[in-house]
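Inspection log for the structure reproduced underneath, given as structure tokens.
The values are calculated or read from the model by the stated rules, or taken from the named source; none is laboratory data. Only a predicted model underlies this, so the values are computations on that prediction, with no experimental measurement involved. Cβ placement follows ideal geometry from the backbone for every residue including glycine, while neighbour counts extend to all protein chains displayed. For the accessible areas, the whole protein counts, side chains as well, though only heavy atoms, and no ligand, DNA or RNA atoms are used. Shrake-Rupley method; radii C 1.70, N 1.55, O 1.52, S 1.80 Å.
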Amino acid sequence: MILKDLQVSDKTAPKELLKIFKRAGAEVVQSSVEKAKRQNSISFKTVHLTMSDSQLIDLRVKETGDIYQVLLNGKIIAIKNQDDDKVAVSEIVKAWVANVDKFQAALAKKKTPLPKGVKSTRKKIIETLKTEIAELDALIAEREMQIQAA
């Protein structure tokens, strides 16, 4: 079991685990391991994996090294072979690949907020530009009067 001696790290998951994911056809962009937690009388550590298409996979690993639970984008997915790391990872990768289209469609539907500077309307922008032009015209006229007076 690769995950038996899982060390807490905010920078990366174990290299052996990342190699298994790479062999299964998945590219992990970012990974980390959290401290041990306890839920439903089971102690586990969470391995966070960010895939190449921004999908998130969380592996909850028991102290024995078995994968206790897998979350794909926050939703629990079932895996049959939790004892065998390589088979479990291939199941996870299959679920990830099957979810790609659904995930991309959800991203396309999601509305993104506008940046702070873009909140003004077109009419408001035109009005402010007209006032700036008027101020500049006044400054130009004032300078021309100073030139003629000199």
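Before moving on, here are some points about what is shown:
- Test: residue in segment 121-142 that is within 30 Å of residue 27 (Cβ to Cβ) and of a type in the set (A, V, I, L, M): no
- Checked against (1) over 17 Å from residue 103 (Cβ atoms); (2) in contact with a Ser or Thr (Cβ under 7 Å, 6 or more places away or on another chain), residue 56 passes all but condition (1).
- Hey, residue 138 farther than 30 Å from residue 36 by Cα, at pLDDT 90 or above, assigned to a helix (DSSP H, G or I) and among the small types (Gly, Ala, Ser) or not: yes
- Within segment 19-56, tally of residues that are under 16 Å from residue 92 (Cβ atoms) and among the charged types (D, E, K, R): 5
- Here the condition is being among the hydrophobic types (A, V, I, L, M, F, W, C), surrounded by 12 or more Cβ atoms within 10 Å (Cβ to Cβ), modelled with pLDDT of 85 or more and not in a strand (DSSP E or B); of 21, 44, it holds for 21 alone.
- Residue that is most open to solvent (accessible area, probe 1.4 Å), among those in segment 67-109 that are part of a helix (DSSP H, G or I), farther than 17 Å from residue 24 by Cβ and of a type in the set (Lys, Arg): 109
- Flag if residue 30 is open to solvent by 60 Å² or more (accessible area, probe 1.4 Å), among the polar types (S, T, N, Q) and part of a strand (DSSP E or B): yes
- For segment 51-66, the count of residues that are touching a helix residue (DSSP H, G or I) at 6+ places or on another chain (Cβ under 6 Å), open to solvent by 60 Å² or more (accessible area, probe 1.4 Å) and either closer than 27 Å to residue 107 by Cα or in the same structural domain as residue 107 (by the TED database) (or both) is zero.
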